[in-house]
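The values are calculated or read from the model by the stated rules, or taken from the named source; none is laboratory data. Nothing here was measured: the structure is a model prediction, and the numbers come from that model. Neighbour counts are summed over all protein chains in view; Cβ atoms, including those assigned to glycine, are modelled from backbone coordinates with ideal geometry.
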Amino acid sequence: MGFENFGTVSFTAEAKVADFITYLEQGKVMATRCPKCGVSYFPPKADCPSCLSGEVEWFEVKGKGKLATYTIVNYGPSGFEDDAPYILALGEFEGGIQILARLSKDIAPNDIKAGMSLVVSSVKRPDGRIAYEFKKG
């Protein structure tokens, strides 16, 4: 599968990192790492902007991360207006990986605190599309 069924709105059907979607369908949230310079990327990159290498290796983002910050989106941008309100969050994971994702609607707004434990997981949206989100860790 390509990017046509990713997230809420897809603007492309093909990408050099289309395997990202295949991994999400398998329940894995993956990032890439450059084997030449060791820099890791999320979202995944097919080419390393640090050393310009075209070689990358995939690895799964596992374990617990921490909530760095979040915002409540009350007016979604084009294509997301029907989803609002929702919460976007920045999570920090092992190896310096930072991920921007929605917080699960299962997390009560009063329970959201900077530094709280998170896990990132793939989710199947009601419309059949695939995405990823943070859940309480």
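Quick look at the values:
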{"item": "All positions within the range 70-127 that are without any contact (Cβ under 8 Å) to a residue 24 or more places away in the chain, touching a strand residue (DSSP E or B) at 6+ places or on another chain (Cβ under 8 Å) and of a type in the set (Ser, Thr, Tyr)", "result": "THR71, TYR86"}
{"item": "Residue in the range 51-64 that is touching a Leu at 6+ places or on another chain (Cβ under 6 Å), outside any loop (DSSP other than H, G, I, E, B) and surrounded by fewer than 18 Cβ atoms within 10 Å (Cβ to Cβ) present", "result": "no"}
{"item": "Filtered residues of the range 128-137 (kept if in contact (Cβ under 8 Å) with a residue 60 or more places away in the chain and farther than 20 Å from ALA31 by Cβ)", "result": "GLY128, ARG129"}
{"item": "Filtered residues of the range 25-50 (kept if touching an Asp or Glu at 6+ places or on another chain (Cβ under 6 Å) and surrounded by 14 or more Cβ atoms within 10 Å (Cβ to Cβ))", "result": "LYS28, MET30, ARG33"}
{"item": "The range 112-127, residues that are surrounded by 10 or more Cβ atoms within 10 Å (Cβ to Cβ) and over 12 Å from the mean Cα position of the chain (by Cα)", "result": "ILE112, ALA114, MET116, SER117, LEU118, LYS124, ARG125"}
{"item": "Which listed residue, of GLY65, GLY91, is within 12 Å of the chain's Cα centre (by Cα), under 22 Å from GLN26 (Cα atoms) and at pLDDT 90 or above", "result": "GLY91"}
{"item": "Residues within the range 73-102 that are more than 23 Å from ARG33 (Cα to Cα) and assigned to a strand (DSSP E or B), tallied", "result": "5"}
{"item": "Qualifying positions in the range 115-136 - part of a loop (DSSP other than H, G, I, E, B) and modelled with pLDDT under 95", "result": "ARG125, PRO126, ASP127, GLY128, ARG129"}
{"item": "Pick from the range 94-114, criterion closer than 19 Å to LEU24 by Cα and among the β-branched types (Val, Ile, Thr), ranking: modelled with the lowest pLDDT", "result": "ILE97"}
